[in-house]
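In what follows, a single structure is set out as structure tokens and then discussed.
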Amino acid sequence: RFLKNVVVWLLTAEARLVLKKYRPKIVGITGSVGKTGTKDAVYTVLKEQYLVRRSEKSFNSEIGVPLAILGQDTAWRQPLGWLENLLRGLSLILVRQPYPEWLVLELGVDRPGDMRRLVSWLQLDVIVLTGLPALPVHVEFFSSIEALLAEKLLITKALKSTGYLILNFDDERLRLKLQGLAASTITYGFDEGAKVRGSHDHTLYKDSLGRRLPEGMTFKVDYAGNSLPVRLQGFLGRHQLYSVLAGVAAGVAENINLVAVASALQNFVSPPGRMRLIEGVKETMI
């Protein structure tokens, strides 16, 4: 445990120096559902116009976030691997190298204090809050559900005065908890009142040897009087569209043309295990 704490401290110190030197803009994403898909959707939109890095896998902890900032992978139980990570991080600090203009980071909470530690040194340009269900995950180490939700919402303390808060409008609990927060806010969802609103979602099919097989989804996005269709390939599920709407909202926050955003999202790939369509044998679809 002692060695882990030392490594976390050193990686965090390096990550802070790297942020100070390169000054990338940062998107921080948290919530109890849909963080990974939302991270990938936001990345898909921003990378069309910027050099962007996203958290790999689920690098959303006190050790994963610094690794994402430094562009390193976990070394697991290999001391020499961690030493190599630290040396690479040091080289980023000492020698100017190509570095992303944007970082898209997941910020997770497993135990009390996790978010407080992260926001003590992170400054965020965009925050995305995906949703807070009645029974969230990782509640076992907290005294109550409310204590867990309060820890997650500490992320708002890291938002820059010029930053944007993006939140799921359809999550009433989230809306009520953030009422009155002094921040530029963009909401997304399917309910009437969302600034970035989805509607008319349905499954796309293809004909294969006389059979209709699903191939993806399509839906309509409305924002500020503009409306356009978005086609998505390779996955199903309305819940997945919330991630896509969050990606649209991130594009809106950066003043990216809505047509360009919709075009970029055609390349969005759902994370593994999230209702991806897999072609099976004998003309079947899993």
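General observations
- Working note: 222 nm ellipticity from helices only, DSSP H runs with n ≥ 4, each -39,500 (n - 2.57), summed and divided by the residues of the chain, gives -11000 deg cm²/dmol to the nearest 500.
- Placing pseudo-labels 7 Å out from each Cα toward the beta carbon at Val95 and Asp73 gives an inter-label distance of 2.2 nm.
- With contacts taken as Cα pairs under 8 Å and at least 6 residues apart, the chain reaches a relative contact order of 20 percent.
- Computing FRET efficiency as 1/(1 + (r/R0)^6) for Leu277 and His200, where r is the C-beta to C-beta distance and R0 is 22 Å, gives about 0.60.
- Proximal lysines relative to Lys21, as straight alpha-carbon distance under 27 Å, when same-chain residues fewer than 8 apart are discounted: Lys4, Lys39, Lys47, Lys57, Lys157, Lys160
- Counting only residues at least eight positions apart within a chain, or on another chain, the aspartates and glutamates with an alpha carbon under 19 Å from that of Lys206 are Glu215, Glu279, Glu283.
- Bridging of Lys220 to aspartates and glutamates at a Cα separation below 14 Å is possible for Asp191, Glu192, Asp201, once same-chain residues fewer than 8 apart are set aside.
- Length gained on full extension, Ser208 to Lys20: 62.3 nm, using 0.36 nm per residue less the C-alpha separation.
- With K and R counted +1 and D and E -1, the other residues having a Cβ less than 11 Å from that of Leu181 yield a net charge of +3.
- The residues packed around Arg211, meaning those with a beta-carbon under 11 Å from its beta-carbon, carry a net charge of +1 if Lys and Arg are +1 and Asp and Glu are -1.
- Three principal axis extents of the chain based on alpha-carbon atoms, in descending order, are 61, 49, 39 Å.
- Modelled this way, with points 7 Å down the Cα-to-C-beta line, the labels at Ala260 and Phe2 are 5.4 nm from one another.
- Treating r as the C-beta distance of Ala183 and Leu10 and R0 as 35 Å, the FRET efficiency rounds to 0.60.
- Formal net charge of residues neighbouring Glu106 (Cβ-Cβ distance under 9 Å; K, R +1; D, E -1): +3
- Cα long-axis angle, helix 35-46 against the chain (0 to 90 degrees, to the nearest 10): 80 degrees
- Angle in degrees between helix 238-253 and the longest Cα principal axis of the chain, rounded to the nearest 10: 60 degrees
- FRET efficiency, 1/(1 + (r/R0)^6) with R0 41 Å, evaluated for Gln49 and Arg116 via beta carbons: 0.80
- Inter-probe distance in nm under a simple model that places probes 7 Å from Cα toward Cβ, at Ala134 and Phe190: 1.9 nm
- Surface accessible to a 1.4 Å probe, Ile69 within the full protein complex, Å²: 0 Å²
- Helix 2-22 axis, angle to the chain major axis (alpha carbon atoms, nearest 10°): 70 degrees
- Portion, in percent, of the accessible area of the chain that falls on carbon or sulfur, probe 1.4 Å: 54 percent
The values are calculated or read from the model by the stated rules, or taken from the named source; none is laboratory data. Quick caveat: nothing in here was measured; it's all calculated off a predicted structure. Using ideal geometry, Cβ is built from the backbone for each residue, glycine included, and neighbour counts are taken over all protein chains shown. Surface areas here come from the heavy atoms of the whole protein model, side chains and all, with no ligands, DNA or RNA. Shrake-Rupley method; radii C 1.70, N 1.55, O 1.52, S 1.80 Å.
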